[in-house]
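Participant: Here it is: the structure, laid out below.
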Amino acid sequence: MSHCTRWSFRRKIDWFRCQFAQHASLPFSEVLPAQVVASALQTLCLQCYHSLYNPVTVVWLFLNQVIHANPTLAATVENFLAWRLSQGLPACSTGTGAYAQARKRLPEALLAMLTRHTGSAADREASESWRWLGRTVKLFDGSTVSMPDTPENQAAYPQSRAQAPGVGFPLARIGVLFSLSVGTVLDLGIRRWAGKLQSELAMLRDMIAEFLEGDVLLSDRYLCSYIEIALLKQQGADFVGRMHAQRKVDFRRGQQIGRYDHIVQWSKPPRPEWMSRAQYATIPATLSIREFRHRIERAGYRPRTILVATTLLSAEDYSVADISQLYRLRWDAEINLRSLKTMMNMDVLRCRTPEMVRKEIWAHLLAYNLIRTVIAQAAATHGKHPRRI
């Protein structure tokens, strides 16, 4: 995908966001029906109480708030008042207290469930022609978000150590699992910016149980780890990623498949501290890994060579050209995260407590998923790929 196409796609996300923000009805009420929210509440054993700011309405208003150009409580309530009057309903107060309290009562688990549900549903409905060789590919990447400098946020998500106390902002690390076919968010991890077990690898590890048989994980070199690849294989999933910088490759060893393309045996590393002895015992002593060298050439850029590791061992079913083409699509994760942070205004959050910060992140991802779903539906109607609509 060219840089021009990537920038065009980011503008497309922004255009859809503005269209939803200017919608005559409550934003997303058509693509996220009330019964879907009510069903999620029932699954979580939560009551859908009847009031002006019931959970269904608050979800819609929260989505409106995160995509609006003026994401304040006052602007959200004023938009709600205007919508009620346009529907012939009684006017509501312009005070923000009731909405703020209702938003605080909204369970984080509800927003998380709706995000995962909408992301997975769009991925399942994707056309077979959008998949890679008939396989479902999932992308993982991480980034950081900042938030207001409050004592609560600083305690939960401390600022960078490079910043002097009192002059920095709390910082959270996020790890996002995307669908390659339609670009929706499938899962999310939230951690502190630094510290033990706060890395992107730790967040990915928590998501491995959600991989299905036949899935393919596409990641960067930092996530090319023996233990995580072995856990993926236990799920029946495969791995494609750039070789970790600390792992040495010798193409004179192993089973030769082609020029700079071979299969070698990786040995099991010592047990990491976070893993129990029982789980470590389930990890195989060796893994068969295919390693190959790929040369990247792009007009206007100096050619460079990368090393790729994968559990797709069959050269007949998965050629170097096929896997290399797939690896180039890994940048979709970077573009998706950039769209979330810039086009969806998620780079600087507004909530003043850690609980609300997490809800705000999930609300951004849910809105993003619904926009991606509309894009995928439009692409299917026109017989095109979501990247080319």
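Participant: Among 292-298, 98-104, how do they line up by average Cβ neighbours within 10 Å per residue, starting with the highest?
Facilitator: Sorting 292-298, 98-104 by mean packing, highest first, produces 98-104, 292-298.
Participant: Quote the relative contact order of the chain in percent (integer), defining contacts as alpha-carbon pairs under 8 Å separated by 6+ residues.
Facilitator: About 19 percent, as a whole number.
Participant: So, R0 is 35 Å and r is the distance between the beta-carbons of Gln377 and Tyr222; what FRET efficiency does that work out to, to 0.05?
Facilitator: That pair, Gln377 with Tyr222, gives E of 0.55.
Participant: Now for a separate question. Stretch Lys196-Glu78 to full length: gain in nm at 0.36 nm per residue minus the Cα-Cα span?
Facilitator: 38.1 nm
Participant: Moving on. What is the spin-label model distance, in nm, from Gln87 to Ala100 if the labels are put 7 Å beyond Cα along the C-beta direction?
Facilitator: Reported label-point gap for Gln87 and Ala100 is 2.5 nm.
Participant: Taking all protein chains in place and a 1.4 Å probe, what share, in percent, of the accessible surface of the chain do carbon and sulfur account for?
Facilitator: Exposed carbon and sulfur together represent 52 percent of the surface.
Participant: In addition: Per residue and in cubic angstrom, what volume does the convex hull of the Cα atoms of the range 310-389 have?
Facilitator: That works out to 132 Å³ per residue.
Participant: Something else about it: May I ask which residue of Ser181, Ala109, Tyr222 lies farthest towards the positive end of the charge dipole of the chain, with charges of +1 (Lys, Arg) and -1 (Asp, Glu) on Cβ and the Cα centre as origin?
Facilitator: After comparing all options, I get Tyr222.
Participant: Here's a follow-up. Answer rounded, prolate or oblate for the chain, using the Cα gyration tensor with square roots of eigenvalues a ≥ b ≥ c: rounded when a/c is under 1.5, else prolate when a/b is larger than b/c, else oblate.
Facilitator: prolate
Participant: OK, next. I need the shape label for the range 250-389. Rule: rounded when a/c is under 1.5, else prolate if a/b > b/c, else oblate, with a, b, c from the alpha carbon gyration tensor.
Facilitator: Judged from the Cα gyration tensor, the range 250-389 comes out oblate (a/c at least 1.5, b/c at or above a/b).
Participant: At a Förster radius of 56 Å, what calculated FRET efficiency corresponds to the Cβ-Cβ distance of Gln325 and Ser276, to the nearest 0.05?
Facilitator: The value I calculate is 0.90.
Participant: In addition: Along the Cα→Cβ direction, 7 angstrom out, place labels at Gln256 and Arg298. What is the inter-label distance in nm?
Facilitator: Each label point lies 7 Å from its Cα, and together they span 3.3 nm.
Participant: Is there a quick way to get the dipole size of the chain? I mean about its Cα centre, with the Cβ of Lys and Arg at +1 and of Asp and Glu at -1; what is the value in debye to the nearest 20?
Facilitator: In debye, rounded to 20, the chain gives about 1040.
Participant: Then there's this: Which order do the peptides 285-291, 49-55 come out in when sorted by mean C-beta neighbours inside 10 angstrom, highest first?
Facilitator: 285-291, 49-55
Participant: Principal axis lengths of the range 207-258 from Cα atoms, whole Å, largest first?
Facilitator: On the principal axes, the range 207-258 reaches 36, 23, 16 Å in Cα extent.
Participant: Given a Förster radius of 45 Å and the C-beta distance between Val36 and Val249 as r, what FRET efficiency does 1/(1 + (r/R0)^6) yield to the nearest 0.05?
Facilitator: Rounded to the nearest 0.05, the efficiency is 0.40.
Participant: Below 12 angstrom from the Cβ of Cys92, what's the summed charge of the other residues (Lys, Arg +1; Asp, Glu -1)?
Facilitator: 0
Participant: Extending each Cα 7 Å along its Cβ direction at Asn54 and Leu212, get the distance between those two points in nm, one decimal.
Facilitator: 3.2 nm
Participant: For Lys104, go through the aspartates and glutamates and keep the ones whose alpha-carbon is under 20 Å away, minus same-chain ones fewer than eight residues off.
Facilitator: The qualifying aspartates and glutamates are Glu78, Asp149, Glu152, Glu355, Glu360.
Participant: While we're looking at this one, here's another question. As a check on your grasp of the helix formula, calculate [θ] at 222 nm for the chain: sum -39500 (n - 2.57) over DSSP H runs of n ≥ 4, divide by the residue count, round to the nearest 500.
Facilitator: Taken over the chain, the calculation gives -12500 deg cm²/dmol.
Participant: Are there GluC sites (Glu not before Pro) in the range 171-219 that DSSP puts in a loop and that have at most 14 other Cβ atoms within 10 Å, and which ones?
Facilitator: Answer by residue number: Glu213.
Participant: Another question, then. Roll a 1.4 Å probe over the protein chains and send me the accessible area per residue for the range 207-249 in Å².
Facilitator: 41 Å²
The values are calculated or read from the model by the stated rules, or taken from the named source; none is laboratory data. Note that the structure is predicted; figures quoted are calculated from it, not measured. Methodologically, a virtual Cβ is constructed for each residue, glycine included, from the backbone with ideal geometry; neighbour enumeration extends over all protein chains shown. The area values use the complete protein model at the heavy-atom level, side chains included, leaving out ligands, DNA and RNA. Shrake-Rupley method; radii C 1.70, N 1.55, O 1.52, S 1.80 Å.
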